[in-house]
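Below is one structure; the comments refer to it alone.
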Amino acid sequence: MVWDLDKQEALEKNDPPAREVVKKWLNKKGYVAKDHPDKYAVDLVISDEKGFTFFVEVQRQGVWQREQFPYNAVRIFQRKDRYKNYFEGKVFFFILSYDLTQAFIVDSEKAIQEKYLVKSNTQPNAYYIPVADCTYVFINH
């Protein structure tokens, strides 16, 4: 149970500020960004003035402490692949630096592919998407 408590504490520490930064950034881009009402669903519901809706899952990377991302690929846990079908593929993953000033964005259609899946006996299975297949953005807030 200690692991679950640590996981919950990490979520409470990292998730709210990451969500707020992404919401503000998207709002500046002309979108309406809100928290998803279902806490077990994706993090954010995004819409534009034409009624187009998409969804965002936010992830803050503690290892991304400097300007340059320290790896060649971003990681998305396999358990999040349910979002691809549930939301008809209109899900974008925002992988943010720890200081919340940079992000890689990748859509679920591109990210959730068998070729990126790495299975492990010791860690949760995850998709490792090359950073070259993601969109890099600087977040000025």
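Only the coordinates and a few stated rules stand behind these numbers; no lab work does. Treat the numbers as computed from the prediction; the structure is a model and nothing was measured. Cβ placement follows ideal geometry from the backbone for every residue including glycine, while neighbour counts extend to all protein chains displayed.
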What is the magnitude of the charge dipole of the chain about its Cα centre, with +1 placed on the Cβ of each Lys and Arg, -1 on the Cβ of each Asp and Glu, and no other charges, expressed in debye to the nearest 20? 160 debye
Label model pair Gln123, Arg82: point-to-point distance (7 angstrom along the Cα→beta-carbon line) in nm is 2.3 nm
Here are some values of mean projected area of the Cα convex hull in nm²: (i) 17.9; (ii) 28.1; (iii) 9.1. Which one was computed from this structure? (iii)
May I ask you to sort Ser120, Ser97 by Cβ crowding, counting other Cβ atoms within 10 Å and putting the fewest first? Ser120, Ser97
Residues in the stretch 75-115 reached by a label modelled at Thr135 [backbone nitrogen below 13 Å; 7 Å Cα→Cβ]: 91-95, 103-110
Using 7 Å Cα-to-Cβ label points, what is the Phe52/Ile105 separation (nm, one decimal)? 1.1 nm
Those GluC sites (Glu not before Pro) from the stretch 60-141 that are DSSP loop and have at most 15 other Cβ neighbours within 10 Å turn out to be Glu67, Glu88
